[in-house]
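Notes for the one structure printed next.
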Amino acid sequence: MKLRTEIEITPWQRTIDYHSRILSIGSCFAQNIAERLAECKFNIATSPSGILFNPASIARTIERFRQRREVCADDLFQSDGRWLSYHFHSTLSAANRDEAQRQMTSAVERGAELLESADHLIVTLGTAWTYRLRSTGEVVANCHKQPHSLFCRELLSTNECIDELQRIVDSTDPKTHIILTLSPVRHIGEGMEDNSLSKAILRVAIDEVVRRNERVSYFPSFEIMMDDLRDYRFYGDDLVHPSQMAISYITDKFFETALSNSAKEMMHSVLDIVRAAKHRPMNAASEQYRTFCQKQLAAIATLENINFDEEKRHFESMLQINL
């Protein structure tokens, strides 16, 4: 008896290995995937400008990175004693305008470097709903809890989403593999009907862009959550965000699809070392634990081009106890 609807994912021509450089940008679910890849010691970074939800803001951010577009003082505004920008996350803010501008400029430079070197770009879309500043007509990435009267709430059409996603493709190196995915997190603030409409528009737009571009792939995180994991035990306490179990399941599926065979094999050895470094012995000064640390350092030496600096320092410091 079959009790689940498992998603069959078509294998990709281009896969990720331990030599790949990866940039993840988009909604909070983009960070979930990035954190798991980072735990496994893949060379991955998340967007320096912070979380982004709609395709227009993501496209504009990637274009800003590519053009290394300067952050001007006029781009900032003050609220509650902090200087912010509608195009950057609130983590890039400061009590001093010059400092806020410096942080944002640094984020653009970092984003440009990551975009230029990326072999794979993961883009996670959250919503097709946007907020447009009435004063300028610009779509904002973050409203920063400003009065609703300052914005017009608009739903991007399917064609507008296709155009924005194509802008993302056109703003990246032709050699970069782009992985599009749709966040399974429901935006209940939009209302359930508007959320469903938004997700449907994004899914159709993604499909069209994948069909147009050979170097663009789709990973069905949305379908896995909605169809395979369709039970509230796979949700967090808010009944909206996926639980840690669901995130682990979806990222495992991502690994099955996105990683090369050699990377999958190496990942087991990498995780053994990472978990060994987190292990806390009953007696750190014992000869048995000394041998354990030496064994881990020997294993690290066999895995070239993987950053085990933190783990290496840990094992070496533990050996000092036994001197």
Out of all the residues in the range 65-91, which are among the small types (Gly, Ala, Ser), outside any helix (DSSP H, G or I) and more than 22 Å from the chain's Cα centre (by Cα)?
Ser79, Gly81
Would you mind finding the one in Asn142, Asn159 that is over 22 Å from the mean Cα position of the chain (by Cα), among the polar types (S, T, N, Q) and farther than 19 Å from Ile122 by Cβ?
Asn159
Does Leu121 fit the bill of being under 16 Å from the mean Cα position of the chain (by Cα) and modelled with pLDDT of 95 or more?
yes
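Does Phe219 count as under 29 Å from Thr15 (Cα atoms), among the aromatic types (Phe, Trp, Tyr) and touching a residue at least 60 places away in the same chain (Cβ under 8 Å)?
Working: under 29 Å from Thr15 (Cα atoms): yes; among the aromatic types (Phe, Trp, Tyr): yes; touching a residue at least 60 places away in the same chain (Cβ under 8 Å): yes.
Yes: the conditions hold for Phe219.
Out of Ser93, Ser79, Ser85, report the one residue that is surrounded by fewer than 20 Cβ atoms within 10 Å (Cβ to Cβ), on the phi < 0 side of the Ramachandran plot and of a type in the set (Ser, Thr, Tyr).
Working: Ser93 fails: surrounded by fewer than 20 Cβ atoms within 10 Å (Cβ to Cβ); Ser85 fails: surrounded by fewer than 20 Cβ atoms within 10 Å (Cβ to Cβ).
Every option except Ser79 fails the conditions.
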Being modelled with pLDDT under 95, touching a helix residue (DSSP H, G or I) at 6+ places or on another chain (Cβ under 7 Å) and not acidic (Asp, Glu) narrows Thr5, Thr10 down to just Thr5
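Per-residue answers, yes or no, for (1) among the β-branched types (Val, Ile, Thr); (2) free of Cβ contacts under 8 Å to residues at least 60 places away in the same chain:
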| site | (1), (2) |
| --- | --- |
| Ala277 | no, yes |
| Ala284 | no, yes |
| Tyr289 | no, yes |
| Lys295 | no, yes |
| Leu303 | no, yes |
| Asn307 | no, no |
| Glu310 | no, yes |
| Ile321 | yes, yes |
Within the range 7-64, can you find the residues that are surrounded by fewer than 24 Cβ atoms within 10 Å (Cβ to Cβ), part of a loop (DSSP other than H, G, I, E, B) and of a type in the set (Ser, Thr, Tyr)?
Thr10, Thr15, Tyr18, Ser20, Ser27
Select from the range 261-278 the residues that are surrounded by 10 or more Cβ atoms within 10 Å (Cβ to Cβ) and farther than 30 Å from Trp12 by Cα and list them in ascending order.
Ala276, Ala277
Options Arg21, Arg82, Arg69; residue that is at pLDDT 95 or above and farther than 22 Å from His177 by Cβ:
Arg82
Out of the range 196-237, which residues are crowded, with 19+ Cβ neighbours inside 10 Å and among the polar types (S, T, N, Q)?
Ser198, Ser217, Ser221
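If the requirement is being in a helix (DSSP H, G or I), surrounded by fewer than 16 Cβ atoms within 10 Å (Cβ to Cβ) and among the polar types (S, T, N, Q), which of these qualifies: Thr291, Thr257? Break it down stepwise before answering.
Working: Thr257 fails: surrounded by fewer than 16 Cβ atoms within 10 Å (Cβ to Cβ).
The unique qualifying residue is Thr291.
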For the range 92-113, state whether one or more residues are part of a loop (DSSP other than H, G, I, E, B), within 26 Å of Gly189 (Cα to Cα) and touching a strand residue (DSSP E or B) at 6+ places or on another chain (Cβ under 7 Å).
yes
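The values are calculated or read from the model by the stated rules, or taken from the named source; none is laboratory data. Values in this document were obtained by computation on a predicted structure and should not be read as measured data. All Cβ positions, glycine included, derive from the backbone under ideal geometry; neighbour counts span all protein chains shown.
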